[in-house]
């Protein structure tokens, strides 16, 4: 098989890149090791920045998102049983975020790709990336019981942290990472959300988050020790702990319902530099991971593939490789700001196992600053609704 851009991975990054290239008249082939049902069902991010929403609309993938997604104009911070709302449009000149699950984004992009785009091969396992230093890169892959080779002008690895794309980078590449001593126990519950916007709660017992997937499905999280298994908590324990950590002094009540899914999400920060090696480019989790507190993972992946697509179109129209050569540096500026914001949100709201009384007072001081200073609140709102894609 031959194509201009070989895309490894059919998560939101790979699927959106294929869509952007198709609309620009650039052919591509997408290789995904999992089956379609898995891609469309795996639970991941649910918050879309303003820029991500705009890109999906421009790509012709926003119709269902606009119909079913939930626009949010703020979040609520809770600490010491008090509540404070952060008004996004008022602080950012009109920007907001949209609650629309990654599963739904993938469903929309898969349908468009299969109807209009180039080949999208499920259960096609990329085995390696070869020949990235010069000439046409090659991606050997296994599909329908036999091995084949995809020859490309460029390869974009959107295959996540454990994928093969990053393995093709030289050992001189640098890795920056931090592992946090806690995780998130997440649940899906068949109950209407108890608040119309996300609630981030700092509590001495640990962090809690009230989120949602739809008007009838709640998504909630508890901070738990790293290494916790989901089945260590029964349903009653989860609801009781959420009650404690989200409690306020004004009579607000958490509504309960049947828990349909439990999972544990590790907390880590990771950046691989550079994000380009010859004709191989990394995007999304293959290059960077953020703790979920800042709601940045999916949105950073979107920024990566938008940057690549624009750079490739520029090169084809002008003959200049300038933007492709700047791909890594351009993406990393945005990535490190998102890493900084995610780290700040995480350490401001979570209780570390070895935290001292001094640490707890510093957390409260940081929250008092955000909730009493328009400048500090604006910084949070600008970061949450999204850094510029360029």
Q) Applying the selection to the stretch 247-275, what residues are under 27 Å from residue 343 (Cβ atoms), in contact with a helix residue (DSSP H, G or I) (Cβ under 8 Å, 6 or more places away or on another chain) and either modelled with pLDDT under 95 or surrounded by fewer than 23 Cβ atoms within 10 Å (Cβ to Cβ) (or both)? A) 262, 263, 264, 265, 267, 269, 271, 272, 273, 274
Q.
Of everything in the stretch 277-287, what is surrounded by 24 or more Cβ atoms within 10 Å (Cβ to Cβ) and over 10 Å from the mean Cα position of the chain (by Cα)? Give them in sequence order.
A. 280, 281, 282, 283, 286, 287
Q. Only one of 86, 97 is in contact (Cβ under 8 Å) with a residue 60 or more places away in the chain, touching a strand residue (DSSP E or B) at 6+ places or on another chain (Cβ under 8 Å), within 30 Å of residue 165 (Cβ to Cβ) and surrounded by 20 or more Cβ atoms within 10 Å (Cβ to Cβ); which?
A. 97
**Q.** Single residue of 63, 58, 32, 40 found to be at pLDDT below 95 and over 13 Å from the mean Cα position of the chain (by Cα)
**A.** 40
Q. Out of (1) over 22 Å from residue 76 (Cβ atoms); (2) surrounded by 13 or more Cβ atoms within 10 Å (Cβ to Cβ), the odd one out for residue 213 is which?
A. (1)
**Q.** Of the criteria (1) surrounded by fewer than 20 Cβ atoms within 10 Å (Cβ to Cβ); (2) touching a residue at least 60 places away in the same chain (Cβ under 8 Å); (3) within 14 Å of residue 106 (Cα to Cα), which one residue 60 fails
**A.** (2)
Q.
Which of the numbered conditions does residue 23 fail, given that it passes all the others? Conditions: (1) in contact (Cβ under 8 Å) with a residue 60 or more places away in the chain; (2) under 13 Å from residue 305 (Cβ atoms).
A. (1)
Q: Tell me which residues, restricted to the stretch 1-29, are under 19 Å from the mean Cα position of the chain (by Cα) and not in a loop (DSSP other than H, G, I, E, B).
A: 7, 8, 12, 13, 14, 15, 16, 17, 18, 19, 20
Q: Filter the stretch 131-143 for residues that are surrounded by fewer than 21 Cβ atoms within 10 Å (Cβ to Cβ) and at pLDDT below 95 and give the result.
A: 131, 133, 134, 135, 136
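The values are calculated or read from the model by the stated rules, or taken from the named source; none is laboratory data. Everything numeric here is computed off the predicted structure, so don't read it as measured data. All Cβ positions, glycine included, derive from the backbone under ideal geometry; neighbour counts span all protein chains shown.
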